[in-house]
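What follows is one structure encoded as structure tokens, with my remarks underneath.
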Amino acid sequence: VLITGAGSGIGRAAALAFARRGAHIIASDIQLGTLESVKRDVETLGVSCMIHAVDVSNETAMKEFASLVHGKVGAVDVLVNNAGIAYFGLFLGSDLEHWPRVMNVNVMGVVHGCRYFIPQMIAAGGSRQVLNVASSAGNFPAPSMAAYAASKHAVAGFSEVLKMELAETQIGVTTVCPGVINTAIVTTGAGVAPSVPAAQIAKLQAYYLAKGCTPDVVAEDMVRAVEKGQDICLTGPGAALVYHLKRLSIKLVRMATVFSAKRMGYL
């Protein structure tokens with residue numbers, strides 16, 4: 001099982017969840033230091049763990065990473081394109097400098113993973129699975145996450161295309177849509193527009209701490225998604241509710257989201 005963004009949060013939890021089922025792990029992140037403890041914890045479970053520092057937004061680096069992996073272990077059984085970053089702030093209250101980085105990591109990171117690992121998965125034969133981590137924000141976003149929501153919508157759309165193009169192969173594709181998850185992507189305060197006051201960030205962090213689930217919940221749902229070959233994995237608080245309510249009334253969901261956003265700290 002190969003997991004990008006495995007140094008913390010959902011990626012780290014996924015590495016451990018798959019390892020507990022006996023899977024050997026290939027864990028990548030942008031910094032090697034974050035992966036050392038992942039390697040120790042995974043190997044404690046009696047399986048191997050290969051770690052590698054790579055920027056998923058860099059096509060050349062991802063191509064070289066894929067070549068390294070294929071040279072050592074061959075085609076992977078499960079590919080988890082998880083690496084992602086966030087940016088918080090009202091669209092008109094933020095500059096546009098963060099947009100290319102968010103799109104490059106969140107969208108092109110998934111594209112690069114699929115482009116350089118899926119061909120070998122097909123060639124190797126057998127049933128294999130790709131998990132592209134989008135977000136509940138890819139189904140219906142909250143305010144103050146324009147770039148993030150746009151990137152996750154793109155991941156969801158890209159994944160739909162892959163499902164159709166790979167329909168005659170043994171490669172399954174799962175779109176993972178986490179809801180309110182208490183991870184470092186929220187608590188670190190990184191990627192926040194200067195116009196956002198500290199009190200608003202504190203309010204949002206408090207909400208995620210009180211109402212969000214841990215990354216372990218998402219990781220366990222991801223494992224089950226692979227076992228069942230699920231098309232979509234709606235995981236964590238709010239994910240399934242928003243997905244189904246949107247299909248009933250998008251106007252109702254929009255009104256409810258704006259109302260809730262004011263309580264949660266998004267507005």
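The values are calculated or read from the model by the stated rules, or taken from the named source; none is laboratory data. Since the model is a prediction, treat every value here as computed from it, not as a measurement. Here Cβ is always computed from backbone atoms with ideal geometry, including for glycine, and neighbour counts include all displayed protein chains. Heads up: the accessible areas ignore ligands, DNA and RNA and are worked out on the full protein's heavy atoms, side chains in. Shrake-Rupley method; radii C 1.70, N 1.55, O 1.52, S 1.80 Å.
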Where nothing but the Cβ of Lys and Arg (+1) and of Asp and Glu (-1) is charged, how large is the charge dipole of segment 1-68 around its Cα centre, in debye to the nearest 20?
300
Starting from the Cα of Glu97, step 7 Å along the direction of its Cβ; do the same at Ala240; then give the gap between the two resulting points in nm.
4.3
Can you tell me the relative contact order of the chain? Whole percent, Cα pairs under 8 Å, sequence separation 6 or more.
19
Beyond 23 Å, the calculated P(r) of the chain holds a percent of Cα-Cα pairs equal to 50
If I stretch the segment between Leu32 and Glu165 completely, what's the gain in nm (0.36 nm per residue apart, minus their alpha carbon distance), one decimal?
44.5 nm
Let's test this: bin the Cα-Cα distances of segment 38-147 at 5 Å from zero up to the farthest pair and state each bin's percent.
2, 10, 17, 19, 17, 14, 10, 7, 3, 1, 0
With unit charges on the beta carbon (Lys/Arg positive, Asp/Glu negative), name the residue among Gln170, Ala210, Leu234 whose Cα is farthest towards the positive pole of the charge dipole of segment 134-235.
Ala210
Dipole in debye (nearest 20) - the chain, about Cα centre, beta carbon charges: Lys, Arg +1; Asp, Glu -1:
780
Using r as the Cβ-Cβ distance of Glu59 and Ile250, and R0 as 41 Å, what FRET efficiency do you calculate, to the nearest 0.05?
0.70
Per-residue [θ]222 nm for the chain (sum of -39500 (n - 2.57) over DSSP H runs n ≥ 4, rounded to 500)
-16000 deg cm²/dmol
In whole Å, what three semi-axes, largest first, describe the equivalent ellipsoid of segment 88-227 built from its Cα gyration tensor (square root of 5 times each eigenvalue)?
31, 18, 11
Gyration tensor (Cα) of segment 167-267, equivalent ellipsoid semi-axes in angstrom
29, 18, 12
Report in % the part of the accessible area of the chain that belongs to carbon and sulfur, leaving out ligands and nucleic acids; probe 1.4 Å.
59
